[in-house]
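Right, one structure below, let's go through it.
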Protein chains: 2
Amino acid sequence: MHQVNVIPYLTTKNLNPENQESPIHFLSKWKTPEEYFYLRNHFSYPHFYDMHFGLMVDGLVSNTTFISYRNILSMKSKSIVVPLECAGNKRSKFVPKVYGEQWEEGAISQGKWRGISLRDLLSPLHISPTAKEIVFIGKDFGKRTDMLGLFYYARSLPISKALDPDTLIAYEYNDKPITFKHGFPLRLIVPSWYAMASVKWLQWIVVIDHEFNGPFQNVDYVYYPNKETDKGKFPVTVLIVNSTIQKPLDFEILDTGKHVITGIAWTGKGTIKKVEISTDNGKTWNTVFIKYLSNESYSWVRWSYEWEVKNKGEYTIKSRATDSEGRVQPEEPFWNRKGYGYNAVSSVTVKVE
Amino acid sequence: MHQVNVIPYLTTKNLNPENQESPIHFLSKWKTPEEYFYLRNHFSYPHFYDMHFGLMVDGLVSNTTFISYRNILSMKSKSIVVPLECAGNKRSKFVPKVYGEQWEEGAISQGKWRGISLRDLLSPLHISPTAKEIVFIGKDFGKRTDMLGLFYYARSLPISKALDPDTLIAYEYNDKPITFKHGFPLRLIVPSWYAMASVKWLQWIVVIDHEFNGPFQNVDYVYYPNKETDKGKFPVTVLIVNSTIQKPLDFEILDTGKHVITGIAWTGKGTIKKVEISTDNGKTWNTVFIKYLSNESYSWVRWSYEWEVKNKGEYTIKSRATDSEGRVQPEEPFWNRKGYGYNAVSSVTVKVE
């Protein structure tokens, strides 16, 4: 008898840089296994030597300080389940279409990150009262298509978010050292923000008294509501309320009978309070059963709805999440030129025969 | 220094049955490595014992005969590079959209198949002059959504195609035994036809004097030009002329300067004679450089075109293949209800900045 191993794979969007999507429709765990965590890079992978493991802290602190990896491992740690979602998740769904990686629904994954609070790391270093932001610089760098020069991947956070006790300098994912592709040895983890904030291969932290102006802060990861001008632009920050239908698949053919509609929902403000399902293209809505991961307030929720379908025909199924801040997924997405933050009601169409 | 292994993966469309797409945009070999050959199944994988290795030949032959795998390996063999393309390749591109697996451009792969001519196998068995078709039955079976009962996967060929010297009972792919997922121990290989004809896990061959009427012959793999009625239906058989742009990727952002546009083209009648590229959305066309795989008349061709782009802006690039029978890819696809044979001009849109 043959042993047949049927497993999903990452979906390859690009190899240089490596951008691969999580097979979100075929995963049902709370913690995405490392090999199924989506990959989103801006540059080739960095090269560096083990001797440099650690973090340089610079800028408006009492002393420029190098803190070794070993030292970080010895400090008081905490672990949190955090979903990381690429700001471009679902970009392929925008109409009119927008340029950039054509992510479908799998540029999101979550798991347990362990590390130290950035706040604990910085408190002995006496941040200046004039400090406004903290800049985080990775080891990855390269060219851009839109300007000359070489750029490190660098992002800033406002002081208040940077010093939130849950903003971590992480070194473990799902109880193992973070793998190289996901940022080994140290990755910043910024719960509730889109994942561009969670800088991989973190090497350098700089406290500044002004607004950081790097291209991954002020060119990319900015919502541009207009196709032709930059008017009305504003930065991408906190996750907006969202849900994804995992099963059934879009344009799947089903039997009559009972089917379980499943999916996930998540938000960056508060928690998910309600998920509704429509099986008649939005005419009527039903509240579904939601499972929460206990003691993990950032985690996505998993939901399911038992659908009994007696009549053959075509059905459009929709899911709509609401968070504790009263934010609800809109019927239409907020179109923006670079295609960030798609969170329209999730929809699949099936045929029952 | 870290060794970083960046590789593409199959794209998971479904796990039950296992349907996974080849990462066609990231492959450049003539022979698709086995691990990147697309998978298209109608049912779960079959279970069987090694003792049954071989083929039963039945119907309008002098004697019902069992031919062992070992016996087949001892016969005179030949090898041919054959592309196998799922009839539903590119189905996701039809407008209006159609139900079924939403294949993008990777439901095609090719490589070297070795086996014996079916004609050589059958010649000692004296096919009856009244024979009209030969039916090929795999070991995989299961339920369908549209009718009651259990069905083996079974397909027929007209006698003339079945007895073409290049219709093979294959046992090797790229110089190794065909892997289980691709039909081990024996797979029918039908060059020039869509791959539903190349029955995996072949167990049984039946010569008949009428037209075979199984559901994979007369319900699936039939072009239905009308949404509501079966009027005008006709069977899916030979590959139609087609091409795919591999690079650049759709909605990619490029620099000004030189870029090489690459792709493949293939047909089921004759050979590819010409591939044209337009970089201005079809206003003007340029003939491209074509590479042929020598002595392999069924193989896809590989083409490339050096594009120098000086002006920033949005560009729609198209490729259009012509075969030696004068067949040309159409501007618009032939819409059909089950979504087979999509072969409209291939198109990608890029932004140069």
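Every read-out reported here was derived from the displayed coordinates using simple, explicitly stated rules and does not represent laboratory data. On a predicted model such as this, the values are computed, not experimentally measured, just so you know. When we count neighbours, we look across all protein chains shown, and the Cβ atoms used for this are built from the backbone with ideal geometry, even at glycine.
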Q.
Give me the inter-chain shielding for B:12-18: mean count of other chain Cβ atoms within 10 Å, whole number please.
A. 5
Q) Can you give the calculated 222 nm mean residue ellipticity of chain B, where each DSSP H run of n ≥ 4 adds -39,500 (n - 2.57) and the sum is split over every residue, rounded to the nearest 500 deg cm²/dmol? A) -1000 deg cm²/dmol
Q) Average partner chain C-beta neighbours within 10 Å, per residue of B:176-184? A) 1
Q. In a shell of Cβ-Cβ distance under 10 Å around A:Ile208, excluding A:Ile208 itself, what net charge do Lys and Arg (+1) and Asp and Glu (-1) give?
A. -3
Q.
Just to be sure I understand the model, the point goes 7 Å from the Cα along the line to the Cβ. What's the resulting A:Asn286 to B:Phe180 distance in nm?
A. 3.9
Q.
So if I take the centroid of the Cα atoms in segment A:158-212 and the same for segment B:189-248, what is the distance between those two points in Å?
A. 53
Q | Residue pairs, from the table A:Lys291/B:Lys13; A:Lys274/B:Lys338; A:Lys143/B:Lys318; A:Lys312/B:Lys269; A:Lys247/B:Lys231; A:Lys132/A:Lys200, whose Cα atoms sit over 31 Å apart | A | A:Lys274/B:Lys338; A:Lys312/B:Lys269; A:Lys247/B:Lys231
Q) Considering chain A, what Rg and Dmax in Å follow from its alpha-carbon atoms? A) 21.3, 72
Q. What is the order of B:Tyr292, B:Tyr223, fewest Cβ neighbours within 10 Å to most?
A. B:Tyr292, B:Tyr223
**Q.** Cross-link partners of A:Lys227 among aspartates and glutamates (Cα-Cα below 13 Å; sequence separation of 8 or more within a chain)
**A.** B:Glu314
Q. Which chain A residue hugs the A-B rotation axis most tightly by its Cβ, and what is that distance in angstrom, to the nearest whole number?
A. A:Tyr9, 2
Q: Find how many whole Å separate the alpha carbon centroid of segment A:33-105 from the alpha carbon centroid of segment A:285-316.
A: 31
Q: Just check segment B:62-185 against the gyration tensor rule for me: Cα atoms, a ≥ b ≥ c as the square roots of the eigenvalues, rounded for a/c under 1.5, and otherwise prolate or oblate depending on whether a/b exceeds b/c.
A: prolate
Q: Would you mind ranking A:Ile208, B:Ile108, B:Ile169 by Cβ crowding within 10 Å, fewest neighbours first?
A: A:Ile208, B:Ile169, B:Ile108
Q: Please arrange A:Leu84, A:Leu125, B:Leu122 by counting, for each residue, the other beta carbons lying within 10 Å of its beta carbon, fewest first.
A: A:Leu125, B:Leu122, A:Leu84
Q. Which whole number gives the average count of other chain Cβ atoms within 10 Å of the Cβ atoms across peptide B:98-110?
A. 2
Q: Can you tell me the dipole magnitude for segment A:25-91 around its Cα centre, using point charges on the Cβ only (Lys, Arg +1; Asp, Glu -1), in Debye to the nearest 20?
A: 300
Q. To one decimal in nm, how far is B:Phe53 from the same spot in the other copies, if labels go 7 Å from Cα toward Cβ? Please give the shortest first.
A. 4.9
Q | Distances in nm from B:Pro215 to the matching label points in the other copies, shortest first (labels 7 Å along Cα to Cβ) | A | 5.6
Q.
Students often check this: by mean Cβ neighbours within 10 Å, which of A:142-153, B:333-344 ranks highest, and how do the rest follow?
A. B:333-344, A:142-153
Q. To the nearest 0.05, how large is the calculated FRET efficiency for A:Asp255 and B:Lys351 if R₀ is 60 Å and r is the Cβ-Cβ distance?
A. 0.85
(Q) Placing the label point 7 Å from Cα along the Cα-to-Cβ direction, what are the distances from A:Lys231 to the equivalent spots in the other copies, shortest first, in nm to one decimal? (A) 5.2
Q | Estimated FRET transfer efficiency (A:His126, B:Asn5; beta-carbon r; R0 41 Å; 0.05) | A | 0.40
